[in-house]
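Asker: Have a look at this one before I ask anything.
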Amino acid sequence: MNVSFAFLTIEHMDVPLDRKIPLAKAVLLIEKQNLIAKESNISMQFSYGLYEDENEVYQSSLQLPKEKVDLFLAIVAEVKESAFEDEKQREAILNWLCLAFNRKRTKEERPHKEKKPKKVKEPKKHRSFSFPKVSKKVILIVVSLLIFSGVCVGGLYFAINQHDKQPPLEVLLKEGAFLEAGKQYPEEHQRIEQELFTLTRTKDRSYLDKLRVFHREYPTIQGDFDLSIFDFNYEEAITIFKQERDLFLADNERLPLVGYAFLKIDEVDEAKQIQEKSGNAELQKLILQYEQALLIIDEKEKEIQELQKKPTENKEKIEQAINDLYEAKETLSQF
């Protein structure tokens, strides 16, 4: 999901004008400008647009300073107050915003979903056969049994013959016939899902749509986790991991992703534990970089508080510290 942001008009702000930038960077710039507006006691205003690829999805404006600026919550509040012809349109925009900002809606905000009742399989009815006791019908019984046996043997031969004509799983996967593969090989659903997961990660995210379609038809635990990761829903991914802990601890490919998910929700200690179990060098590197960025942020926030005791004398130092602070925050947002 390629989401960008553009400042369309600005007043008393030092930001790039009419140029698309990553949404995460825009959020940090707005926080930085809000802090400057509060410290300098000046009023700022800007209009902006949100874009997915080249298409504008949302446009609005915002005033600064605010006690705490949160672009996501500001847009959500606007969408809730706006009038829509169809409530589904509002839900579609809110769901898009959650994905774009990598944020979750509270339980109260989510639309109510009715749980579908589980289908209960009826027990199979067993036919009871009774052989006629009348001796005159013996010949008829023997003939019937011979016909029945012939039908069974013929059916078995037909089933074996059809199985021989069934395309090999590897051929179906190579041709991209994932649904057909799932239908022909019900015992291989996990293997097929794994193939889609690998293709989505290593080749092209266009396979993500195929993974969604396959998962709707043939759901798996790993599929639930994979889609949560690809949709940036890290809290959901962690929930799935905790419910199936043993399964993921034995999965060398997904276990580092569990650690990454912990890192994305700021649970660094949990991420470290997962790294120790997985031994993944890339995850260890990310954790070290993440902790370094956190240290810089903490240091700069304390420095700004100290400098603000004499704002006039320390104006340039405050501005430099703010720049350093948001460079560290931007680094953190790029993990």
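Asker: Check the stretch 2-18 and report whether any residue there is surrounded by fewer than 17 Cβ atoms within 10 Å (Cβ to Cβ), out of contact with any Cys (no Cβ under 7 Å at 6 or more places or on another chain), small (G, A, S) and touching a residue at least 40 places away in the same chain (Cβ under 8 Å).
Answerer: No, the stretch 2-18 contains no residue that is surrounded by fewer than 17 Cβ atoms within 10 Å (Cβ to Cβ), out of contact with any Cys (no Cβ under 7 Å at 6 or more places or on another chain), small (G, A, S) and touching a residue at least 40 places away in the same chain (Cβ under 8 Å).
Asker: Pairs needed: first member in the stretch 217-232, over 15 Å from K104 (Cα atoms); second member anywhere, open to solvent by 40 Å² or more (accessible area, probe 1.4 Å) and assigned to a loop (DSSP other than H, G, I, E, B); C-beta distance under 6 Å; at least 6 residues apart or different chains.
Answerer: Listed by first residue and then by second, the contacts come to I221/E244.
Asker: Follow-up question, since we're still on this one. Starting from the stretch 54-82, keep only residues that are surrounded by fewer than 15 Cβ atoms within 10 Å (Cβ to Cβ), then list their pairs with residues that are part of a loop (DSSP other than H, G, I, E, B) and of a type in the set (G, A, S) whose Cβ atoms are within a distance under 9 Å, requiring at least 6 positions of separation or different chains.
Answerer: Within 9 Å, the pairs are Q63/S43.
Asker: Condition first: touching a residue at least 24 places away in the same chain (Cβ under 8 Å) and open to solvent by 50 Å² or more (accessible area, probe 1.4 Å). Now tell me which residues in the stretch 289-320 satisfy that.
Answerer: Matches in the stretch 289-320: Q289, L294, I296, E301, Q308, P311, E319.
Asker: Is the stretch 102-120 home to any residue that is over 29 Å from the mean Cα position of the chain (by Cα), assigned to a loop (DSSP other than H, G, I, E, B) and modelled with pLDDT under 90?
Answerer: yes
Yes/no matrix, rows are residues, columns are (1) open to solvent by less than 20 Å² (accessible area, probe 1.4 Å); (2) touching a Pro at 6+ places or on another chain (Cβ under 8 Å); (3) part of a helix (DSSP H, G or I); (4) on the phi > 0 side of the Ramachandran plot:
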| position | (1), (2), (3), (4) |
| --- | --- |
| A181 | yes, no, yes, no |
| H189 | no, no, yes, no |
| I192 | yes, no, yes, no |
| Q222 | no, no, yes, no |
| D226 | yes, no, yes, no |
| E235 | no, no, yes, no |
| I238 | yes, no, yes, no |
| N252 | no, no, no, no |
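Asker: So, one more: Can you find a residue that is hydroxyl-bearing (S, T, Y), assigned to a loop (DSSP other than H, G, I, E, B) and over 23 Å from T202 (Cβ atoms) anywhere in the stretch 319-331?
Answerer: Among the residues of the stretch 319-331, not one is hydroxyl-bearing (S, T, Y), assigned to a loop (DSSP other than H, G, I, E, B) and over 23 Å from T202 (Cβ atoms), which makes the answer no.
Asker: Which number in (1) closer than 28 Å to I229 by Cβ; (2) in contact (Cβ under 8 Å) with a residue 12 or more places away in the chain marks the one condition that N95 misses?
Answerer: Tallying (1) closer than 28 Å to I229 by Cβ; (2) in contact (Cβ under 8 Å) with a residue 12 or more places away in the chain, N95 fails exactly one: (2).
The values are calculated or read from the model by the stated rules, or taken from the named source; none is laboratory data. Quick caveat, the model's predicted, so the values are computed rather than measured. A quick note on method: Cβ atoms are made from the backbone with ideal geometry, for glycine too, and the neighbour counts reach across all protein chains shown. We work out accessible area using only protein heavy atoms, side chains counted, and drop any ligands, DNA or RNA first. Shrake-Rupley method; radii C 1.70, N 1.55, O 1.52, S 1.80 Å.
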